Every structure is written in C-alpha cells, then in structure tokens.
Amino acid sequence: MDPIEKQTIIHAQKGEKDASSTLYDKYLRKIYDFIYYKTHHTETAEDITSIVFMKAWKSIGTFKGEYFSAWLYCIARNAVIDHYRTSRAHSNIDDAWDLSNNEDVSADADTKLKVQNIQEYIKKLSSTERDILIMRIWQDMPYKEIAEIINKSEGNCKVIFGRTIKKLKEQMPSAAFMALVLNLYG
C-alpha cells in the first residue's frame with residue numbers, strides 16, 4: 001500500500017471526514033462497477049454500493065490489512081451475496097456475475113453480438129472463475145489483491161485465470177475470444 005493511502009486510512013480511522021471522502025472518491029467507481037457486473041441493475045448496484053461504504057466506514061477501525069481495496073471488495077462481495085440471499089431473486093447466489101446488459105453496450109451491432117457471445121460462454125464458468133475473470137480483466141486488479149478477496153493463494157488465482165482463459169479459447173469462436181482478449185490487453 002502506498003504511504004499516502006496508508007496515512008489517509010489512518011486519518012479516516014480517527015474519524016476525519018476529509019480522509020473518508022478521499023477514500024470514497026478513489027474507490028467508488030471500482031466498487032460500483034464490480035457490484036454492477038454482479039447485479040446487472042443500476043439502482044441495485046447504487047444501493048449496494050451505498051451499503052458497502054456505510055459498512056466500511058462503520059468498521060474502518062478494524063482494517064489492518066495490506067490492501068484497502070481488497071477489504072472493500074470483500075465487503076462488496078458479501079453485500080451482493082446478502083442482497084441475493086434476502087431477495088431470493090436468483091436461484092444460485094454464486095451465479096450472479098458480470099457484464100452489463102445490452103442497454104449499456106455501444107450501438108455497434110457487431111460489438112453487441114460479440115458481448116452476447118462472450119456472455120454465453122462466461123455463464124458456463126464457475127463463480128470463482130467468473131470472479132477472477134471479472135477482477136482481472138474488467139477491474140484490472142493484481143493477483144495478490146484478487147487472492148485476498150476470494151481467500152485463495154496468489155498462485156492458485158493465476159492458475160485458475162490461466163485455465164479459464166484456455167477453456168474459453170477452446171470453446172469460444174475466435175472472434176468472440178479476440179474481443180475478450182482485446183479487453184484484456186487493449
């Protein structure tokens with residue numbers, strides 16, 4: 001963790017509102033995007049994001065880790081699970097996953113088709129594979145942070161990611177896979 005963020009967290013733990021605002025501004029979009037990828041619904045993502053930050057500020061004194069973002073993502077992940085558990089709107093809590101719906105995709109028909117194609121293949125992945133894929137590709141998170149969030153080793157996350165990419169490459173048409181790769185490396 002960089003020294004400036006560490007100091008900001010210490011100030012936030014002392015109850016300084018400016019420090020909390022700084023952390024909020026830094027992580028709001030990332031946490032919201034993560035939740036949106038899991039819920040597919042703007043208002044739900046906004047509500048859960050608010051809950052995440054309220055829980056974070058309420059328990060910020062307990063943060064002692066190396067990655068503040070990983071701590072927030074854990075809170076977000078649990079909040080999404082709680083949402084699905086209480087709403088019972090989804091048959092399997094672990095199957096709530098990523099990629100926005102077609103309303104948020106560019107008007108380009110080719111892009112829509114590729115995204116739909118990618119979604120169909122990603123639906124077939126396990127929840128752990130999807131979470132790692134989301135955090136690595138769309139959230140651009142380092143493996144060390146992902147490992148802390150999903151409670152697995154960094155090496156295990158790398159292996160799961162590699163196997164997931166290999167599986168997708170074998171199963172997906174080349175155009176859809178290239179769209180995924182371009183998102184990964186583009």
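Could you list all residues from the stretch 37-83 that are small (Gly, Ala, Ser) and either at pLDDT 90 or above or over 15 Å from the mean Cα position of the chain (by Cα) (or both)?
Once the filter is applied, which keeps residues that are small (Gly, Ala, Ser) and either at pLDDT 90 or above or over 15 Å from the mean Cα position of the chain (by Cα) (or both), the stretch 37-83 yields 45, 50, 56, 59, 61, 65, 76, 79.
Does the stretch 121-140 include one or more residues that are in a helix (DSSP H, G or I), free of Cβ contacts under 8 Å to residues at least 40 places away in the same chain, surrounded by fewer than 14 Cβ atoms within 10 Å (Cβ to Cβ) and not assigned by TED's automatic domain parsing to the domain that holds residue 33?
No, the stretch 121-140 contains no residue that is in a helix (DSSP H, G or I), free of Cβ contacts under 8 Å to residues at least 40 places away in the same chain, surrounded by fewer than 14 Cβ atoms within 10 Å (Cβ to Cβ) and not assigned by TED's automatic domain parsing to the domain that holds residue 33.
Step by step: first the residues of the stretch 150-176, then only those that are within 17 Å of the chain's Cα centre (by Cα) and part of a loop (DSSP other than H, G, I, E, B), then the one that is surrounded by the fewest Cβ atoms within 10 Å (Cβ to Cβ). Which residue is that?
Applying the filter and picking the extreme gives 151.
Could you check the stretch 17-36 and list, in sequence order, the residues that are modelled with pLDDT of 90 or more and among the acidic types (Asp, Glu)?
18, 25
The values are calculated or read from the model by the stated rules, or taken from the named source; none is laboratory data. Keep in mind it's a predicted model, so treat the numbers as computed, not measured. Neighbour counts are summed over all protein chains in view; Cβ atoms, including those assigned to glycine, are modelled from backbone coordinates with ideal geometry.
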